[in-house]
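These notes are about the structure you will find just below.
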Amino acid sequence: MLQVGLSLPHSTGGATGGFPVAEPAKGDNTGTGQEMFGSSPVTIVITTEADTWDIDASSCVGCGQFVDWDRMPDPEQQAHIPQDILSKPPKELKKLAREGYWAASRALRAQVYHQLIQQVACRLVTPDALVYRDVASRLFGKLSVSSHPLPEFLEGCAMPTYCLNLEGVTALKKILICVGNLFPDITYSPILPSLVALLLHYSEDEAQCFENISRLIASNAPHTSYIDQSFLAHQASCMTFGDLANKHCPAAHKLIASTSENVFEVYSEWLSWLFHDLPFNYAIRVFDVYLLEGQKVLYRIALALLKQYRLSVTAELEGTGIKADLQAFVQNIAEHVTVDKLLERAFGIRLFSRKEIWLLQMANRKALMERGITMVQSRQSFHLAVDMQNFSSSIVTAQEMRIVWSWIPERFSLFPPLLLFSTSEDGCSLQRFYACCEGYEPTVLLIKTTEGEASISQAGNTDSALCFLLKVCGAFLSSDWSERKKNGATSGFFGTGECFVFTVRPETERYEWVFIKKPELAKAVPRSRQRSPSPFPVSLLGSSPDGRSTSSNRLTVPMPQRKGRLSPFLAIRHFLLPSKTASMFMSGSREGIIIGGGGGQALSLDTNLLWGRTEHCETFDNPPLCQENFKVQLLEVWGFQN
């Protein structure tokens, strides 16, 4: 077993015996030194030999004792510190943190960190500095041969040391051992060593650093999280970032989906980008805003990194090299963008509220638990991507389905696709469609259309005579089709903002809920009760391509549904919308189905599933997905096998 001596030096000289603490990386002035915890627990050994360093339970007083100043990227600067800086309102403090105000003074940053963390709402019984001194004295204070393994939750995790000196690395390990001793419920927390290391740069002693990290661990503020403490929570955060990247970084997401067999494996490194790969002067600025704004700000900055990466990629990657390429990009971020510009771009990304993101994370946790992931396990390897080698569809190829699959929320990609309905096997019957699809949530609808006959070659080429133009489009539908029954005889819209429509052929494009790209529109509405739009008659199909009347297939656009079970994430009841016509996701009746409404329907199909219509609609702000009036050649519905 690897033995690491844990001790504080008597003098500036090195150890002449025993097992010295591994030193931070040398020769790197960016402050990214790091160690890696091996697959076996690292043991801390305290020895009594005279030529080894002793464990000193007391720490030197004064900030900066743990820092190797020669490795700090920026020299310490003096700045005028207003007396009332910490009494300013939270909104003003956020602005100062985003602008890097306390980056100019180490003393100010240390003071701000301590006071901000002391204001974090946390559990009533939270270990403090006095508890640390007692536990550290018990564990490390006696000069006797004993071993202290690092906590199991650190197995295989990286341990960035940034600009810590030898004493700082020793303190880091001592604090992590005490955290494991006093927080036995932590089973997996790869971000924890980085946060402790960053705090040590601005702590007056070990006890203060321990108390501050304990408050972040024990935070119980509603819809706010600082540190994931289980593999379940960590994986849910990674899935949530994947969902956000899917929505806010479509260009980067498309690149990753086209070059990596497992998109989630790439996104699972998002926290490592911030607190492992970023240089110290970037990571500490991230930490500044993180203390004030919680985990949501980490999503913003990681998304900004992903956007910047896509702008910087000059050539298409091959194979699975994008994961390593992203890591190298983040490590050399200074070559591409300044920290101020990175944060500016991060806060320019419009995300939904902290509560809405929390709801998405809870939905992802639930899906992981259904997959068998628990709170107590350390880690589990699993492959989220679908095995496309065995995928078979009469409408799309495996590669096309892979692209569609990359668009769906992460929690559903845990499960393989299951063909629920096909007009080639089940017939062209709307009632049969409902019978096969009810009980499944969500579903993917695929349509292959026959738009019309192409012109016959004037030269008489028989190969081009009477050929048909085929297009493929569809929709991701977040809710069970049985929801249509909640309104009785009245047709109503249901579903959530996770619904979207798309085209596959001839071009691949996705059209999401309009408020995903413009969330500010949902915040500008006064809290007064909004009146629902009155129903208005719209023909499902104006006329068929052959000119026949379709008056018998007229369908009234239904009223938006007010009641009924909705998915927890992006449910319309969470938003104050300027118009209900922009939240018409899906509707079904005996006369047909509608997907997307408001000024038109993105997709509508008749009762025989033979004729359809597509128009621009306000819900998805989409163009017609194919020719406005089209004939269905083939229709499939895919569910998710749980």
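The values are calculated or read from the model by the stated rules, or taken from the named source; none is laboratory data. Please read these numbers as outputs of a predicted model, since none were measured by experiment. Neighbour counts are summed over all protein chains in view; Cβ atoms, including those assigned to glycine, are modelled from backbone coordinates with ideal geometry. Please note that ligands, DNA and RNA were not included when accessible areas were found on the heavy atoms of the full protein model with its side chains. Shrake-Rupley method; radii C 1.70, N 1.55, O 1.52, S 1.80 Å.
The residue that is least open to solvent (accessible area, probe 1.4 Å), counting only those in the stretch 90-142 that are assigned to a helix (DSSP H, G or I) and touching a strand residue (DSSP E or B) at 6+ places or on another chain (Cβ under 7 Å), is PHE140. Filtering the stretch 431-449 to residues that are over 30 Å from the mean Cα position of the chain (by Cα) and open to solvent by 10 Å² or more (accessible area, probe 1.4 Å) leaves GLN431, ARG432, ALA435, CYS436, LYS448. When we screen GLY474, GLY427, GLY452, GLY460 for residues that are modelled with pLDDT of 85 or more, out of contact with any Cys (no Cβ under 7 Å at 6 or more places or on another chain), small (Gly, Ala, Ser) and surrounded by fewer than 20 Cβ atoms within 10 Å (Cβ to Cβ), the only hit is GLY427. Can you find a residue that is under 16 Å from VAL404 (Cβ atoms) and surrounded by fewer than 20 Cβ atoms within 10 Å (Cβ to Cβ) anywhere in the stretch 244-255? There is at least one residue in the stretch 244-255 that is under 16 Å from VAL404 (Cβ atoms) and surrounded by fewer than 20 Cβ atoms within 10 Å (Cβ to Cβ). Filtering the stretch 497-509 to residues that are farther than 14 Å from CYS617 by Cα and over 19 Å from the mean Cα position of the chain (by Cα) leaves THR503, VAL504, ARG505, PRO506, GLU507, THR508, GLU509. Restricting attention to the stretch 583-642, the residues that are modelled with pLDDT under 90 and either in a strand (DSSP E or B) or open to solvent by less than 10 Å² (accessible area, probe 1.4 Å) (or both) total 4. Here LEU124, LEU176, LEU182, LEU139 are screened, and the one residue that is free of Cβ contacts under 8 Å to residues at least 60 places away in the same chain and touching a His at 6+ places or on another chain (Cβ under 9 Å) is LEU139. Kindly provide the set of residues from the stretch 158-212 that are in a loop (DSSP other than H, G, I, E, B) and in contact with a strand residue (DSSP E or B) (Cβ under 8 Å, 6 or more places away or on another chain), ordered by number. Those that are in a loop (DSSP other than H, G, I, E, B) and in contact with a strand residue (DSSP E or B) (Cβ under 8 Å, 6 or more places away or on another chain): CYS163, ASN165, PRO190, HIS201. Total residues in the stretch 167-193 satisfying the condition of being more than 22 Å from ARG133 (Cβ to Cβ) and either open to solvent by 10 Å² or more (accessible area, probe 1.4 Å) or at pLDDT 95 or above (or both): the figure is 5. If only residues of the stretch 256-280 that are open to solvent by less than 10 Å² (accessible area, probe 1.4 Å) and among the aromatic types (Phe, Trp, Tyr) are counted, the one that is farthest from LEU164 (Cα to Cα) is TYR267. Cβ-Cβ distances below 7 Å connect the following pairs, each with a first residue in the stretch 607-629 that is among the basic types (Lys, Arg), a second residue that is in a strand (DSSP E or B) and open to solvent by less than 30 Å² (accessible area, probe 1.4 Å), and a separation of six or more residues or different chains: ARG613/SER604. Of the helices (runs of 4 or more DSSP H) contained entirely in the stretch 282-361, those carrying at least 1 residues that are polar (S, T, N, Q) fall at 295-312, 322-331.
Restrict the check to the stretch 263-280 and report whether at least one residue is in contact with a strand residue (DSSP E or B) (Cβ under 6 Å, 6 or more places away or on another chain), at pLDDT 90 or above, part of a helix (DSSP H, G or I) and not assigned by the TED database to the domain that holds GLY168. Scanning the stretch 263-280 turns up at least one residue that is in contact with a strand residue (DSSP E or B) (Cβ under 6 Å, 6 or more places away or on another chain), at pLDDT 90 or above, part of a helix (DSSP H, G or I) and not assigned by the TED database to the domain that holds GLY168.
Among the residues making up the stretch 226-243, none is open to solvent by 30 Å² or more (accessible area, probe 1.4 Å) and in contact with a strand residue (DSSP E or B) (Cβ under 7 Å, 6 or more places away or on another chain).
Scanning the stretch 372-404 for residues that are at pLDDT 80 or above, within 20 Å of the chain's Cα centre (by Cα) and over 15 Å from VAL472 (Cβ atoms) turns up nothing. Being over 21 Å from LEU96 (Cα atoms) and surrounded by fewer than 19 Cβ atoms within 10 Å (Cβ to Cβ), is that true of even one residue in the stretch 337-354? Checking the stretch 337-354: at least one residue is over 21 Å from LEU96 (Cα atoms) and surrounded by fewer than 19 Cβ atoms within 10 Å (Cβ to Cβ).
Tell me, please, whether a residue that is open to solvent by 20 Å² or more (accessible area, probe 1.4 Å) and over 22 Å from THR126 (Cβ atoms) can be found in the stretch 159-166. Within the stretch 159-166, one or more residues are open to solvent by 20 Å² or more (accessible area, probe 1.4 Å) and over 22 Å from THR126 (Cβ atoms).
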